[in-house]
1. So residue 221 fits all but one of (1) touching a strand residue (DSSP E or B) at 6+ places or on another chain (Cβ under 8 Å); (2) touching a residue at least 40 places away in the same chain (Cβ under 8 Å); (3) within 13 Å of ligand 2 (Cβ to nearest atom); what number is the exception?
2. Name the one entry in 273, 247, 267 that is surrounded by fewer than 21 Cβ atoms within 10 Å (Cβ to Cβ) and free of Cβ contacts under 8 Å to residues at least 12 places away in the same chain.
3. Looking only at the range 104-129, count how many residues are under 16 Å from the mean Cα position of the chain (by Cα) and more than 9 Å from ligand 1 (Cβ to nearest atom).
4. For residue 68, all conditions in the list (1) part of a strand (DSSP E or B); (2) in contact with a helix residue (DSSP H, G or I) (Cβ under 6 Å, 6 or more places away or on another chain) hold save one; what is the number of the exception?
5. Output the residues belonging to the range 17-52 that are within 16 Å of ligand 2 (Cβ to nearest atom) and touching a strand residue (DSSP E or B) at 6+ places or on another chain (Cβ under 7 Å).
6. Does residue 40 meet the test of being within 26 Å of residue 177 (Cα to Cα), modelled with pLDDT of 95 or more and part of a helix (DSSP H, G or I)?
7. Name the single residue, out of those in the range 1-24 being buried (at least 23 other Cβ atoms within 10 Å of the Cβ) and closer than 17 Å to residue 74 by Cβ, that is farthest from ligand 1 (Cβ to nearest atom).
8. State whether the residues of the range 22-29 include one that is over 18 Å from the mean Cα position of the chain (by Cα), closer than 18 Å to residue 242 by Cβ, in the same structural domain as residue 151 (by TED's automatic domain parsing) and in a loop (DSSP other than H, G, I, E, B).
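The values are calculated or read from the model by the stated rules, or taken from the named source; none is laboratory data. Just so we're clear, the structure is a prediction, and the values are computed from it rather than from any experiment. Cβ sites come from the backbone with ideal geometry, for glycine too, and all protein chains shown count toward neighbours.
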Ligand SMILES: NC(=O)c1ccc[n+]([C@@H]2O[C@H](COP(=O)([O-])OP(=O)(O)OC[C@H]3O[C@@H](n4cnc5c(N)ncnc54)[C@H](O)[C@@H]3O)[C@@H](O)[C@H]2O)c1
Ligand SMILES: O=c1ccn([C@@H]2O[C@H](COP(=O)(O)OP(=O)(O)O[C@H]3O[C@H](CO)[C@@H](O)[C@H](O)[C@H]3O)[C@@H](O)[C@H]2O)c(=O)[nH]1
């Protein structure tokens, strides 16, 4: 191991859905990890045994400085934030505070402490309604909701801080994250589920009576929206690869995270039915405001920049792991 591989990594939001999978991936690689999380949407039980949790706010600079010093942090992976798009439309200032203002505090604390590596959870929502597919990183960023804007502003703070200070970063723009740890150690536990595959899993397990397809009159092959679904464990591996990239002295990067292929809502739901062997109760509803017809990642840049090979890209694997996790949640009560 190089010196930096022995340093402890700080994962903000590590008790949440994606962060907890990244903690597992880092631990599987033998890395020392500390989680900072306020448990607002995350859960203590998502953090594996032997991983320290600092329970607190990612905007608390005194806590950050103390945590950096106490644990000898060399890299920050920043997942903490608010993620519900419609809520961001209703409460924009809450989203700018939690996602942008607190990221400002975190980046500033890193600069002050001389922490030179930063990995950030960004989103395809920074692109808004792009008119060309696949969406590469050169596509103009035109977010159409405060959530996307709050994330894009953090990307800008990182870009400008990296130009001015001894800081290198990787911003990963996630497309549609889904699925669960293949070993059943973590998965999505949303109080308010909005994601298609999560809602389908809740319907399969009887927690919802039926699922609504938000519009079947889009200009796509079957009329429903197309998305690039990425397995959360592959996404976690991309973070480990980004960490290695920075440790090896690699330059700052903004990278899409997807597979470069899309599935329609109907195709996803057909896969759910195939995996369960049962019909899924569903009906066609109206379009949901702000949904782009199709989002598919351009993945040339991540392929060329990171040493990352997806291992769970089959839609069947994504859906089956999400269903297995949901069944586990229901059994646990
Ligand atoms: N889920 C997706 O499809 C998706 C897509 C694109 C980007 N992202 C980004 O990935 C990151 C993680 O998302 P997720 O799906 O795991 O969400 P999540 O809600 O499961 O995780 C967020 C975590 O951050 C913690 N947190 C929130 N505000 C905090 C604060 N002020 N201080 C400390 N901890 C705080 C929560 O308790 C939770 O554990 C977010 O930044 C999100 O914007 C998610
Ligand atoms: O009950 C449902 C839920 C969703 N959908 C549709 O399924 C597709 C996917 O929706 P969803 O799973 O909510 O994901 P997106 O709206 O595509 O947004 C996700 O993906 C974005 C990046 O692509 C991220 O920025 C967001 O945080 C994340 O929620 C969309 O066409 C929805 O209209 C339905 O038809 N019925």
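1. (3)
2. Result: 273 is the single residue among 273, 247, 267 that is surrounded by fewer than 21 Cβ atoms within 10 Å (Cβ to Cβ) and free of Cβ contacts under 8 Å to residues at least 12 places away in the same chain.
3. Of the residues in the range 104-129, 4 are under 16 Å from the mean Cα position of the chain (by Cα) and more than 9 Å from ligand 1 (Cβ to nearest atom).
4. Failed condition: (1).
5. 18, 19
6. So residue 40 fails the test.
7. Only one residue fits best here, namely 9.
8. yes
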